[in-house]
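> This is the structure, below, for whatever I ask next.
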Amino acid sequence: MAQRQIREVGDDLLRKKSREVEVVDDKIRQLLDDMYDTLKASNDGIGLAAPQVGVLKRVIVIDLGEEGDGKVYKLINPVITKRKGEQVCREGCLSVPGLLGDVVRPKEVTVEALDENGKKVVIKAKDLFAICLSHEIDHLDGILFIDKATEIFDADAEEE
Ligand code: NI
């Protein structure tokens, strides 16, 4: 169990492009485990990208919880190879506390990546899972949801 500190908007590192992982080794698996612990400790997060914990590597973790298929996705060098349709979602981000935004995302995506053992995986995702994959992969290119949002809201005002 090791949590890492989450970088927040204003931190230049969040705006940098992450590098591809060349070798999937114990160091990368440790990073994935730490990212998972950090995500779980956040309560309401469903995904985390390595730059959010200060590491410029193309690594993401997704756990949709009850809204997903119960699996934890630990993905290395993820690439969107297909996009289909559109949907608008009100998104937040652990690196952008206090704000939500409406973002247009693909309705469905196909993502190719490596798993934590370095094995190639192909994931077909739709709805929330497609949004989350798109959001996390954007982080690897230094893009935050506030760059794409058509409208931005104060998160506190959204609570009932
Ligand atoms: Ni985010």
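> What is the fewest-to-most order of VAL121, VAL103, VAL23 by other Cβ atoms lying within 10 Å of their Cβ?
Ordered by Cβ neighbours within 10 Å, fewest first: VAL23, VAL121, VAL103.
> If you project the alpha carbons of the chain onto their three principal axes, what span does each projection cover, largest first, in Å?
Projected onto the principal axes, the Cα atoms of the chain cover 43, 34, 30 Å.
> If you don't mind, another one. Need the full-extension length gain, ASP11 to LYS124, defined as separation in residues times 0.36 nm minus the C-alpha distance. One decimal, nm.
This chain segment gains 37.4 nm when fully extended.
> Net charge near ARG29: determine it from the other residues with C-beta under 11 Å of the C-beta of ARG29, scoring Lys and Arg +1 and Asp and Glu -1.
Details: positive: LYS27, LYS74; negative: ASP25, ASP26, ASP33, ASP34, ASP115, GLU116.
That sum, taken over residues with Cβ under 11 Å, equals -4.
> Another question, then. By how many nm would the segment from THR150 to ASP33 grow when fully extended, if each residue of separation counts as 0.36 nm and the alpha-carbon distance is taken off? It would help to have the intermediate numbers written out before the result.
Values: separation 117, 0.36 × 117 = 42.12 nm, distance 3.38 nm.
Separation in residues times 0.36 nm, less the Cα-Cα distance, equals 38.7 nm.
> Let me ask something else. Take the alpha carbon atoms of the stretch 32-48, find their center, do the same for the stretch 59-86, and report the distance between the two centers in whole angstrom.
Between the Cα centres of the stretch 32-48 and the stretch 59-86 lies a distance of 14 Å.
> Quick check on the stretch 12-159: of the DSSP beta bridges with both residues there, what percent are antiparallel, nearest 5%?
95 percent
> Can you give the extra length, in nm with one decimal, that the chain gains between ARG90 and ASP115 once fully stretched, where that is 0.36 nm per residue apart less the Cα-Cα distance?
Here the segment from ARG90 to ASP115 would lengthen by 6.2 nm.
A short reminder: the numbers here are calculations on the coordinates, not readings from a lab. Model, not experiment: these values are computed from the prediction. Cβ sites come from the backbone with ideal geometry, for glycine too, and all protein chains shown count toward neighbours.
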